[in-house]
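What follows is a short report on a single structure.
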Amino acid sequence: MDFIPSADELKRITAPTSPITPCSCGLGLCTGWESLSEDRWPKASVTPLGTLRDPDLYEPTFEEHHPEGTRYASAAAPVAIKFFPYNRAEVWHCTQCQRHLMRYTEFGGYYVDHRVRELAPQLTITD
Ligand SMILES: [Zn+2]
């Protein structure tokens with residue numbers, strides 16, 4: 001998957017479309033980072049646009065970036081692409097609802113947890 005190196009590049013490739021809401025593909029709203037099992041991920045209707053994970057970094061930071069006091073799962077949290085968890089997320093486009101989505105996977109000792117967040121047009125995107 002192609003690396004998306006900057007906020008500007010992410011904005012360019014996810015230029016606002018006209019989302020059809022609610023989504024008909026079964027993803028739900030995903031305004032914050034929602035846990036979404038693999039079987040709910042609409043494989044047939046999503047295409048990858050790239051990854052925010054820098055291939056030159058061995059371990060991206062776990063630090064989060066919330067200058068406005070938001071939290072990890074806040075619907076208004078900025079998309080700070082150099083910070084957790086954006087720095088390990090992939091960017092996808094859903095051809096059913098025309099939304100852009102970010103997705104990453106948390107690996108625990110005995111579990112794998114897929115997390116999805118909509119890249120809503122009104123969100124702040126920063127490096
Ligand atoms: Zn969709």
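Read-outs: derived from the displayed coordinates by stated rules, not from any lab. A quick note: this is a predicted structure, and the numbers were derived from the prediction, not measured. Here the Cβ is made from the backbone with ideal geometry for all residues, glycine too, and neighbour counts use every protein chain on show.
Values as computed for the structure displayed
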| quantity | calculated |
| --- | --- |
| Calculated FRET value between residue 44 and residue 124, using beta carbons and R₀ = 41 Å, to 0.05 | 0.85 |
| Relative contact order of the chain, defined on C-alpha pairs under 8 angstrom at six or more residues apart (%) | 32 percent |
| Sequence of 66, 93 once ranked by neighbouring C-beta atoms within 10 Å, starting from the fewest | 66, 93 |
| Cleavage-rule hits, trypsin sites (Lys or Arg not before Pro), region 43-108, DSSP coil, Cβ neighbours within 10 Å at most 12 | 71 |
| Segment residue 8-residue 59, extension gain: residue separation times 0.36 nm, minus the distance between their alpha carbons | 16.1 nm |
| Selection of chymotrypsin sites (Phe, Trp or Tyr not before Pro), region 47-127, meeting DSSP coil and at most 15 other Cβ within 10 Å | 58, 62, 72, 110, 111 |
| Only Lys, Arg (+1) and Asp, Glu (-1) charged, at Cβ; region 56-113 dipole about Cα centre in debye | 240 debye |
| Shape box of the chain [Cα atoms, principal axes, largest first, Å] | 36, 35, 30 |
| Net dipole in debye of region 7-126 [+1 Lys, Arg Cβ; -1 Asp, Glu Cβ; about Cα centre; nearest 20] | 360 debye |
| DSSP loop GluC sites (Glu not before Pro) with at most 12 other Cβ within 10 Å: longest gap in the chain | 1-62 |
